[in-house]
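The values are calculated or read from the model by the stated rules, or taken from the named source; none is laboratory data. This structure is a prediction, so every number in the text was calculated from the model and none was measured. Every residue, glycine among them, receives a Cβ derived from its backbone with ideal geometry; neighbour counts consider all protein chains shown. The area values use the complete protein model at the heavy-atom level, side chains included, leaving out ligands, DNA and RNA. Shrake-Rupley method; radii C 1.70, N 1.55, O 1.52, S 1.80 Å.
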Amino acid sequence: MVDIRTPSDELAGDNMQREKLRDLELPLYKLGKRLHINPPSVGIQSSCHVNESQNDLDMLLLAQWEDRASQGLLKYDVTACETKIIPGSFGFIAQLNELEEWHLKKQPAELQANQVLQPFDPSKFNFTKVGQCELLFSIKMSEDENCELIPKASVKTDDNLVIMNIHPIEYGHVLLVPRALCCLPQMIDINSFELVIEMAAAVNNCFFRIGYNSLGAFATVNHLHFQAYYLANPLPVEVACTQLIPGDWQRSGLKIFELVDYPVKGLLFEIGQNLGQMAEVVATLCCSLQNINTPFNILISDCGTRIFLFPQISVHVG
């Protein structure tokens with residue numbers, strides 16, 4: 001059968017899909033705005049809890065993920081994949097996934113390989129096209145410091161959706177899609193970046209990580225999204241040697257380090273006075289990288305108090 005749909009037909013279908021999502025009811029978690037948070041102590045994973053006082057957001061995420069997993073949404077059982085530490089000084093982790101031809105079935109990129117900023121194309125795959133059963137819940141910033149879980153709420157255009165990743169790389173793997181129905185392209189802005197840091201702090205589980213890949217640095221979908229998952233052990237970069245970079249930012253307590261003797265160039269940011277300040281500093285640097293067409297990757301760990309930035313070229317701070 002020949003597909004004779006026109007571009008206008010496809011756009012009409014996309015609009016209908018977004019309207020269906022607006023009618024959907026999902027749990028809504030309101031993030032209390034954290035003006036201050038304790039900076040990390042000596043060593044990593046020391047400023048957040050290890051499920052001793054599991055909070056509503058942590059329980060909601062894991063309960064929703066387990067529920068969808070029990071329904072058979074996952075393409076494979078990631079917990080059955082063989083994992084081992086590669087011998088050597090860095091302790092890199094390797095995972096063998098023979099359960100599915102993941103690289104063949106994953107959504108094709110259909111993107112320009114050499115452009116970090118590209119306009120959103122509604123005709124390409126985006127997260128408004130996922131199955132409704134893959135939608136777990138939505139999150140919003142609260143007006144104050146109080147967190148609130150609403151069991152059911154209609155999805156709004158500016159809602160930030162948490163979506164099941166049916167091709168997980170780790171346990172609890174989800175996608176955080178800021179203002180999902182606004183269909184933003186894959187590019188960092190201060191508001192979305194502050195949101196994901198607040199989410200990392202609210203989950204308050206040291207096993208929880210959030211990552212970001214720009215276009216040109218392994219992102220395959222041009223729809224603004226972050227990856228989030230749980231890891232049982234620290235990643236090698238989280239225990240790598242670093243060297244402090246002096247600067248005016250130290251007056252507010254923010255610390256910036258450069259990775260030392262590590263195979264990948266990168267920067268580490270540790271929280272100063274508040275999450276918002278660190279979000280603004282890192283997001284501003286990411287915007288600069290985007291504007292000069294430099295791909296990059298981000299890892300947020302230790303409950304949002306430590307952020308790793310990996311530009312694809314060396315970047316000097318100062």
Cβ-derived FRET efficiency at R0 41 Å, D248 paired with A63, nearest 0.05: 0.40
DSSP-defined antiparallel bridges as percent of all bridges, the range 248-318, nearest 5: 100 percent
For peptides 136-147, 211-222, 69-80, sequence by mean Cβ density within 10 Å, most packed first: 211-222, 136-147, 69-80
Cα gyration tensor shape for the range 120-203, rounded if a/c is under 1.5, else prolate or oblate: rounded
Spin-label model distance (nm) - I190 vs C81, 7 Å beyond Cα toward Cβ: 3.7 nm
Solvent exposure of the range 85-229 as accessible area per residue, Å², 1.4 Å probe: 44 Å²
By average C-beta atoms within 10 angstrom, highest first, the peptides 55-66, 187-198: 187-198, 55-66
Probe 1.4 Å, protein heavy atoms only - accessible area per residue of the range 246-314 in square angstrom: 39 Å²
Pairs from K30/K255; K129/K152; K152/K255; K30/K84 whose Cα-Cα separation, in the structure shown, is over 31 Å: K152/K255; K30/K84
Cα gyration tensor shape of the range 207-264, rounded if a/c is under 1.5, else prolate or oblate by comparing a/b with b/c: prolate
In nm, spacing of pseudo-spin labels at E143 and C182 (7 Å Cα→C-beta vector): 2.0 nm
Surface share of carbon and sulfur [accessible, 1.4 angstrom probe, percent] for the range 181-318: 54 percent
Cβ crowding within 10 Å averaged over residues, with 161-173, 260-272 ranked highest first: 161-173, 260-272
